[in-house]
Structure formats: structure tokens, C-alpha cells
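One structure below.
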Amino acid sequence: MTAIAVDRPAPKQSRPPIRPGRWIVLGVLVVVVLLVLAPFLLVVLNAVKSPAEYSTNGPLALPDGLHLSGVADFWQRVDFSRKLLNSAVISGTVAVLAVVFSMLNAYALGIGRVRGRNFFLAAFLVANLVPQESLVYPLYYLAKLVDLYDTEFAVIVIFTAIQSAFGTFLLSSVLASFPTELLDAAAMDGAGRLRTLWKVVVPVSRPTLGVLFTFFFVWTWNELFIPLIFLISNEHQTVPVALGVLQGERMMDATTTSASALLGIAPAVLFFLVFQRTLTRGVMAGAVK
């Protein structure tokens with residue numbers, strides 16, 4: 001007689017007990033998250049209230065219904081669709097151009113090893129440390145001289161230069177440790193410098209470039225000082241400038257103020273959430289390297 005083998009289920013592995021210290025850390029993290037989200041939630045609550053409801057129940061009470069009068073009032077006052085388009089065009093253009101120029105500069109400094117590399121890197125580092133307030137007068141004078149004052153193009157040029165300085169300094173250190181095997185293989189295949197950049201360096205550095213693009217977009221979107229100086233016409237203003245000018249010149253009730261803050265924050269938060277996976281990939285790629 002032949003013995004029939006019977007497969008026995010593997011014994012279940014018991015999960016390790018959760019230590020009390022982990023619960024404490026989890027509780028602290030939950031409290032920190034609530035503290036971070038509390039101002040945003042308070043803005044959302046007050047943005048959907050009516051002025052009478054806000055005056056009666058206060059800012060911490062839950063709304064009885066969905067009142068969008070504050071949102072509609074603010075949208076019409078500042079022509080928010082125009083401001084939204086201006087901010088999107090300026091931020092998107094700056095992010096793309098800054099990434100391109102940063103990649104070209106870093107390719108020459110990090111991989112090309114041009115003469116005077118350390119001097120250029122030091123110059124880019126110093127440029128990142130210069131406050132914007134010290135740049136306003138010479139930039140204002142140059143914009144007036146070339147007849148670019150009160151134009152989106154002037155702001156795009158200024159922010160592209162500022163963001164490219166940071167991107168060049170960061171990417172140069174990344175490309176300095178770029179695998180030489182890939183460069184040697186591309187050279188053996190007869191690839192020139194531009195083809196090596198486009199076919200080898202850019203695909204490998206894509207996670208880092210995605211992180212830079214996201215940061216450049218959000219940073220440019222949130223900028224107030226330089227656009228406030230260079231964009232004085234109503235049709236050229238960005239979202240942060242519109243928020244600052246409206247709250248400084250006209251009296252608004254609390255619900256309209258909350259609606260303006262919500263509309264000003266929402267696009268940047270939405271963009272960040274859309275590109276959250278790009279940021280995660282970039283951070284993980286940097287950790288693996």
C-alpha cells in the first residue's frame with residue numbers, strides 16, 4: 001500500500017505584540033497631524049458659512065448648510081479666473097524653464113567637469129542666499145529700462161533665474177556621482193553630448209527632475225513680494241497678489257476672507273496631491289542611490 005501524503009496547513013505565525021511605545025508615537029503623530037490640518041479645516045468651515053451664521057455661532061461652530069456666497073463674492077471681486085490663469089502660466093513656465101536650465105548647467109558642472117566648477121557652484125550657492133529684497137531695485141530698474149515692467153514675462157525671467165540657481169546647485173551634486181559606466185557605454189555607441197544628455201542622463205535623473213518641477217511650481221505660485229512689485233495692473237496680477245491687495249484695500253467679512261484664503265490655497269494643495277507620487281519616487285530614488 002502506498003501512503004498518501006496529506007498537505008497540512010502551515011501553522012499561523014503569531015503577530016508580534018504592539019509595544020506601548022508605538023501607541024504613544026502613533027498618538028503623538030495623530031495630534032501633530034490634527035494641529036497641522038486644524039487651520040485649513042477652520043478656513044473651510046468658515047468659507048461655507050453665511051455672514052449671519054458666522055456672527056451668531058462664531059468661527060468654531062459647524063455650518064448649518066452649504067453657503068457659497070462668500071466664494072462667489074470673492075470670485076467676482078477679483079476676477080479670480082484671470083488671476084488663476086496668470087498664476088498657472090507663470091508658475092508652470094518657470095517650473096519647466098528652471099528644470100531645463102538647471103539640467104543643462106548641472107550636466108556641464110557635474111558630468112562635464114568644466115574648468116572653474118567650484119567657483120560656479122559657490123556662485124550658485126551665494127545666489128540662493130541673497131534675499132529678494134536686495135534684488136528688487138536693480139531688477140526694477142532693468143525691467144523699466146527694457147520696457148518689461150508690469151508684464152508676466154519679467155516675472156518669469158526673474159523666477160527662472162532664481163529657481164535655476166537652486167536647481168543647478170542641487171543637480172550638480174547629484175550628477176557628480178552619476179554612474180560612469182552608462183556614460184562610457186553611450187560613448188562607445190557613438191552618442192554625442194546632447195544625445196547622452198537626452199537618452200541617458202535625463203531618464204536616470206527623471207525622479208529628481210520631477211521633484212524639482214513640483215517644488216518650483218509651488219514656490220513660484222506662493223511668491224508674493226516680487227509679483228507685488230512688478231505686476232501692478234489688475235489683469236496681470238497673480239493669486240497671492242490679488243489676495244493681498246483685496247484684503248488691504250477693501251473691507252471684507254470673515255466668510256469672504258475665509259473663502260479667499262481657501263481659493264488661494266486650494267490650487268497649490270491640489271497640485272501637490274496630484275504630484276505626490278512623483279515626490280515619493282524622487283525621495284525613494286535618492287535614498288536608493
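The values are calculated or read from the model by the stated rules, or taken from the named source; none is laboratory data. Keep in mind that what you see is a predicted model, and the values were worked out from it rather than measured. Cβ coordinates were reconstructed from backbone atoms using ideal geometry, including for glycine residues, and neighbour counts include every protein chain displayed. Note: areas computed on protein heavy atoms with side chains; ligands, DNA, RNA excluded. Shrake-Rupley method; radii C 1.70, N 1.55, O 1.52, S 1.80 Å.
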If a/c stays under 1.5 just call it rounded; otherwise compare a/b with b/c (prolate if a/b is bigger, oblate if not). Do that for the chain, with a ≥ b ≥ c from the square roots of the Cα gyration tensor eigenvalues.
oblate
If we sort 193-203, 67-77, 267-277 on the protection proxy, mean other Cβ atoms within 10 Å, highest first, what's the order?
67-77, 193-203, 267-277
Regression test value, accessible area per residue of the chain, probe 1.4 Å, units Å², expected 63 Å²
Hey, any idea what Rg/Rh is for region 45-122, computing Rh the Kirkwood way over Cα pairs?
1.42
In terms of Cα to Cα distance under 20 Å, which aspartates and glutamates are near enough to residue 144, apart from those fewer than 8 places away along the same chain?
133, 152, 235
At 1.4 Å probe size, with no ligands or nucleic acids counted, give the accessible surface of residue 103 in Å², nearest ten.
10 Å²
Restricting attention to region 99-151, which trypsin sites (Lys or Arg not before Pro) occupy a DSSP loop and are surrounded by at most 11 other Cβ atoms within 10 Å?
113, 115
What translational diffusion coefficient, to the nearest whole µm²/s, does region 126-206 have by Stokes-Einstein, given a Kirkwood radius computed over alpha-carbon pairs, a temperature of 20 °C and 1.002 mPa s viscosity?
137 µm²/s
